[in-house]
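I have placed the structure first, in the form of structure tokens, so that the comments after it can refer back to it.
The values are calculated or read from the model by the stated rules, or taken from the named source; none is laboratory data. Everything numeric in this text was worked out from a predicted model, so none of it was measured. Cβ placement follows ideal geometry from the backbone for every residue including glycine, while neighbour counts extend to all protein chains displayed.
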Amino acid sequence: MSSSAQFTQEILDLALSTSRKAGELLMKRPDSFDLNQKSSARDFATHMDHASEKLIVESILSARPDDGIIGEEGSDRPSKSGITWVIDPIDGTVNYFYGLPGWNVSIAAKDSDGVLVGVVNAPTLGALWHGVRGGGAFLNGKSIRCNEPVPMQEALLGTGFSYNSDQRQRQAEFFLDIVRDIRDIRRTGGAAVDLCCVATGWTDGYFERDLHEWDLAAGGLIAREAGAVVTGRNGGPAGHEMTICAGPTLHAALAARIG
Ligand code: LIP
């Protein structure tokens, strides 16, 4: 194994073991929650989001103290090593709070060329996805590919809704525009799982406005490595304005509709 392949494997192993530990913590779901409100009443973190982020950050920094962190719940620190970890300690907090499945732990490591490894652990689905830049995408260790080609009228699409009301309304307007022309729509409640569903062929495509880096980093790499195209509007970068994820044929059709 080359030294760069060995380095990537070490980063992946750390991401996998950390996501498993966080998944075990979160499976001990408490009966009651301390909530702290974020941008609005519908946007909150539970004490378990904070506990999961603490566990993840400690696990990473005890192995790699010079790495940077971007965490949804605020553990940000700059990188001295060139590696920065992008963490969503519970993606799908609302699902977790209500006891619905589909929430997940999303952990990515990026370098100056972008996301190097991504891991999405959804224990309630029995699903541990990982992707390595240039090295493929996997579900529970088995290689995965997205569905391709899929025409619009046969497309099962995932989506989600931002906490921001204006973004939500725009998302709903686009949904109204295409709902007559597609097979159906699904909403899992976790953007990282939505992206991994496309990667696995469990859905054909996904679109959502207003994603943050921690929603997108790991799942976006996994989807790309499974053959999907992941962009924003007009071929720009995925993220705040729009994220469109699908195999090349459906991606082109969706991108043309989103304009
Ligand atoms: C959430 C997503 C959800 C999306 C929300 C939000 P959180 O992440 O994964 O699918 O629709 O806008 O970003 O806040 O639960 O980590």
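Could you name every one of the helices (runs of 4 or more DSSP H) located completely within the range 85-201 that has at least 3 residues being in contact with a helix residue (DSSP H, G or I) (Cβ under 8 Å, 6 or more places away or on another chain)?
Hits in the range 85-201: 165-178, 191-200.
In the range 36-73, which residues are surrounded by 14 or more Cβ atoms within 10 Å (Cβ to Cβ), hydrophobic (A, V, I, L, M, F, W, C) and without any contact (Cβ under 8 Å) to a residue 24 or more places away in the chain?
Answer for the range 36-73, where residues must be surrounded by 14 or more Cβ atoms within 10 Å (Cβ to Cβ), hydrophobic (A, V, I, L, M, F, W, C) and without any contact (Cβ under 8 Å) to a residue 24 or more places away in the chain: Leu61, Ile69.
What is the residue count in the range 175-222 for residues that are within 10 Å of the chain's Cα centre (by Cα), more than 9 Å from the ligand (Cβ to nearest atom) and among the β-branched types (Val, Ile, Thr)?
1
Hey, Asn147 hits all of (1) within 14 Å of the ligand (Cβ to nearest atom); (2) surrounded by 17 or more Cβ atoms within 10 Å (Cβ to Cβ); (3) polar (S, T, N, Q) but one; which does it fall short on?
(1)
Taking the range 167-215, which residues are touching a strand residue (DSSP E or B) at 6+ places or on another chain (Cβ under 8 Å) and among the aromatic types (Phe, Trp, Tyr)?
Those that are touching a strand residue (DSSP E or B) at 6+ places or on another chain (Cβ under 8 Å) and among the aromatic types (Phe, Trp, Tyr): Phe174, Phe175, Tyr206, Phe207, Trp214.
Condition (residue is within 15 Å of the ligand (Cβ to nearest atom) and either crowded, with 22+ Cβ neighbours inside 10 Å or at negative phi (or both)) applied to the range 108-116: is it met by at least one residue?
yes
Evaluate the following for Asp166: is it farther than 24 Å from Thr124 by Cα, near the ligand (Cβ under 10 Å from one of its atoms) and over 11 Å from the mean Cα position of the chain (by Cα)?
In short, no.
Please identify the pairs in which a residue from the range 9-31 that is under 18 Å from Ile222 (Cα atoms) has its Cβ atom under 7 Å from the Cβ atom of a residue that is assigned to a helix (DSSP H, G or I) and hydrophobic (A, V, I, L, M, F, W, C), counting only partners at least 6 apart or on another chain.
Going by the 7 Å Cβ cut-off, the qualifying pairs are Leu14/Ile60; Leu14/Ala63; Thr18/Ile56; Thr18/Ile60.
Step by step: first the residues of the range 38-51, then only those that are modelled with pLDDT of 90 or more and away from the ligand (no atom under 11 Å from the Cβ), then the one that is farthest from Gly160 (Cα to Cα). Which residue is that?
Ala51
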